[in-house]
Every structure is written in structure tokens, then in C-alpha cells.
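Written out below as C-alpha cells is the structure these notes cover.
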Amino acid sequence: MLTIGCHLSTARGYAAMGRTAVSIGASTFAFFTRNPRGGKARALDERDLAGLKQIMAEHAFGKLVAHAPYTYNPCSDKERARAFVLEGMREDLERLEHLPGNYYNFHPGCHVGQGAARGIELIADTLCRVMWPDQSTTVLLETMAGKGTEVGGAFEELAAIICAVGERAPELADKLGVCLDTCHVHDAGYDIVHDLDGVLEAFDRAVGLTRLRAVHLNDSKNSCGARKDRHEVIGAGYLGSEELGGGIEAFARIVRHPVLRDLPFILETPNELEGYAREIALLRELAGCW
Ligand code: FE
Ligand code: FE
Ligand code: ZN
């Protein structure tokens, strides 16, 4: 059974996200740990969390994939911005212990001209300071499109971050993984439409497939290597449309791939709930019978 879901709003609480997920055929979901622009997180309500846990157990949910706010830039050149990330990430991870054993995904950030090597050093430093050895959450670095000065457009950069954390704090290394965003890797120049196996082999060589823990499933408004990062609905972009990409078979190959099929798939396509419900049904069908 495919573990699939989409990004949901936390506005009505955790149990409400669980109910919404079930109503659209999802068996996982993503949510922002706080307002995507940062700011204060809402107080936790244990009853609300218990409600979600019950729904997840009853409906055999896979792991959830929480998302850090977009405003976190762990490799900013400004001390204040990095201090904001340290405080926010630490608090996000502490709060996630109330929903133990799930994933926390974040964007490695933009080095803003300091160079990728310095960016990698700063990101690793942040991780070493916000994580702790017996946390139950696995922290996922997201593969990025390589737009501007983004770090994480190349698999080797993600590997270097994980390696730097491992050198400084070996006890934290197994709490780190990667979330592969299909729009991002494609925009970064990895041709997952025509050479999915080759891309996964490149990932294995650089990072190691055991680190691959989740997939953001998105089509792309731009061509392979465009370094743009604009998501499209499944089947309408350069991955899955007949005219621009490889047709819907490109997504069938992704959700059926033995390396990927058991991971949680999160849709971040431009959709309302009905659109997500349709995409979830489509992808379940593709996973089952193609
Ligand atoms: Fe993301
Ligand atoms: Fe993503
Ligand atoms: Zn994106």
C-alpha cells in the first residue's frame, strides 16, 4: 500500500489534519511546524495530539513529514538569522517529540555568496547544535533546485553536510536523512523522467540510499536543469505531461520503484483538497496496476 498524502494546514489542530487526510484517501501528510514565515508556534494540546495518534493507528498511517518554515536559513551570513534558526529548530524538534518517530524536513538554505563550502559548514554546525542523540525524530535535508545560492542542489552537497555532522557528532549521524523532491531534483538537472535509475544510482554513490526517507512528489513548470523550483500539478508539467515530459508513466515509475515505493510520498502541488484527493487516487492506481 502506497503511503501518500499532501501538505495540510494546521489551523484546526492535529486531529483535524488526521481527519482531513483520511477524507482524501491519504495515509500520511505534511504540515508546517509553525507559520511558514516563522514566528511563534501554537501551544500544544495533548488531547488533540492523542486524537491524531488514534486516527493514525486506526488508518495505518506511515510516518508524517513535518516541514520547517521557509524562513529558516541555517547558512545565512547574518548571526541574527542563524540564531533565529537555532532557537526555532530546537523548539520544533522538542515539540515533535510529542508525536514521536516522525520526520522533520528542512531546506538547507542559501549561502548568499559565502560559497557552498562555508554554507555546508554553517548548516552542519546548526544541526550539531539543535539535535540530540536520543531524539526520536529523523531530520531530513531536502534536495533543492539549486536556485540562486541554494545549497543542496547537488547530492554531493547534502552528503557533505551529513558527513560534517558525523565527524563532529557521530552520535547524531543516524538521525539524519534526505527527502527527495521530484520537482527540485529535476530542476537541479537530474533527469528523473528518462533516467530514474541513473539518478538514484547517483544518489546512492553520493549519499547512500539508506539515507533516503521521504519523497516530495511534484511536477515541474520548468525544464530539467532550469534551477527554478516552481511546482506543477501531477501530469501537467515537465515530468508527467505527454507534450512536455514523459507522460504519466514518469510518475508510475517513481511510485513503483523498489527503492522508493515504501517511502512516504508528499504532494506539494498547487491544489485544493479535491485536487489532492484526485492526485492521491491517481497515484494509488499507478502504483498498483501499471
Ligand atoms: Fe520544502
Ligand atoms: Fe519540497
Ligand atoms: Zn519547491
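Here, each number is a calculation from the coordinates, and none is a lab measurement. If you're wondering where the values come from, they're calculated on a predicted model, not measured in any experiment.
Numerical summary
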item	result
Over the chain, equivalent-ellipsoid semi-axes from the Cα gyration tensor in Å	27, 25, 17
The range 138-199: proportion of alpha-carbon pairs further apart than 21 angstrom, %	27
Whole-percent pair-distance distribution, where bins are 10 Å wide, for the alpha carbons of the range 1-92	16, 42, 27, 13, 2
Share antiparallel - DSSP beta bridges, the chain, percent rounded to 5	10
Stokes-Einstein translational diffusion, the range 147-240 - Kirkwood Rh over all Cα pairs, 1.002 mPa s, 20 °C, in µm²/s	155
